[in-house]
1. Under 9 Å by Cβ, and 6 or more places apart or on different chains, what pairs join a residue from the stretch 119-133 that is at positive phi and at pLDDT below 90 with one that is surrounded by fewer than 17 Cβ atoms within 10 Å (Cβ to Cβ) and part of a loop (DSSP other than H, G, I, E, B)?
2. So, in the stretch 186-196, of the ones that are in contact with a strand residue (DSSP E or B) (Cβ under 6 Å, 6 or more places away or on another chain) and not in a strand (DSSP E or B), which residue ends up nearest to residue 123 (Cα to Cα)?
3. Among the residues of the stretch 152-178, which ones are over 27 Å from residue 137 (Cβ atoms) and part of a loop (DSSP other than H, G, I, E, B)?
4. Suppose the filter is out of contact with any helix residue (DSSP H, G or I) (no Cβ under 7 Å at 6 or more places or on another chain), exposed (fewer than 13 other Cβ atoms within 10 Å of the Cβ) and either within 23 Å of residue 152 (Cβ to Cβ) or at pLDDT 95 or above (or both); does residue 47 pass it?
5. Please give the number of the condition residue 34 fails out of (1) loosely packed, with under 12 Cβ neighbours inside 10 Å; (2) touching a strand residue (DSSP E or B) at 6+ places or on another chain (Cβ under 8 Å).
6. Would you point out which residue out of 141, 183 is in a loop (DSSP other than H, G, I, E, B), touching a residue at least 12 places away in the same chain (Cβ under 8 Å) and loosely packed, with under 13 Cβ neighbours inside 10 Å?
7. Give the residues of the stretch 62-109 that are modelled with pLDDT of 90 or more, more than 15 Å from residue 133 (Cα to Cα) and surrounded by fewer than 13 Cβ atoms within 10 Å (Cβ to Cβ), sorted by residue number.
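The values are calculated or read from the model by the stated rules, or taken from the named source; none is laboratory data. Being a predicted model, the structure only gives us computed values, none of them experimental. When we count neighbours, we look across all protein chains shown, and the Cβ atoms used for this are built from the backbone with ideal geometry, even at glycine.
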């Protein structure tokens with residue numbers, strides 16, 4: 001019985017690919033891959049930038065809401081080893097209530113960290129103003145200071161994918177967007193987000 005089944009199997013027509021069909025399939029696959037891979041890299045960078053901007057907006061909102069709810073000024077900044085604010089915005093960011101008003105984090109005065117945002121792992125840049133070391137919200141939710149500021153997130157080698165968050169004097173946050181559909185984000189004043 002088994003021999004009859006094997007014999008029938010060998011007599012049936014076995015279909016497969018010809019060499020030409022295989023070469024055409026490999027060529028088409030290679031062309032599609034060559035087209036898709038550069039666009040895929042750009043897509044991954046855009047996702048990374050969007051994620052970083054979302055995390056930044058989240059910690060800014062936490063900081064502002066804590067100022068409103070606590071009745072004290074709250075600060076968001078990158079802290080050094082002595083708990084002083086620095087201008088290294090690509091490092092870990094810390095949000096805290098400044099109970100004693102000395103513009104630094106003092107755990108001895110029962111100041112608690114509200115939230116921490118991890119440092120940027122890639123070689124991207126995050127910049128806030130020129131030389132600014134902190135952002136401070138008053139209990140009214142407004143910025144403490146005379147001017148608004150713009151956070152700029154600039155991905156390495158993909159500066160045209162830069163995005164930003166404008167922090168208005170009122171304390172409100174505004175994400176950049178591509179207003180003129182040229183592929184580059186602008187702030188609310190139609191100024192392109194620059195990585196310079």
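1. 129/87; 129/147; 131/87
2. So the first thing to find is which residues in the stretch 186-196 are in contact with a strand residue (DSSP E or B) (Cβ under 6 Å, 6 or more places away or on another chain), and the list is 186-188, 192-193, 195.
Then keep just the ones that are not in a strand (DSSP E or B); that gives 187-188, 193, 195.
Working: 187: 23, 188: 27, 193: 18, 195: 13 Å.
Going through the qualifying residues, I end up with 195.
3. Our first condition is that a residue be over 27 Å from residue 137 (Cβ atoms); within the stretch 152-178, this holds for 155-161, 178.
Selection gives 155, 156, 157, 158, 178.
4. Taking the combined requirement at face value, the residue satisfies it.
5. Every listed condition holds for residue 34 apart from (2).
6. Numbers: 141 fails: loosely packed, with under 13 Cβ neighbours inside 10 Å.
When all the criteria are applied, what remains is 183.
7. Listed by number, the residues that qualify are 69, 71.
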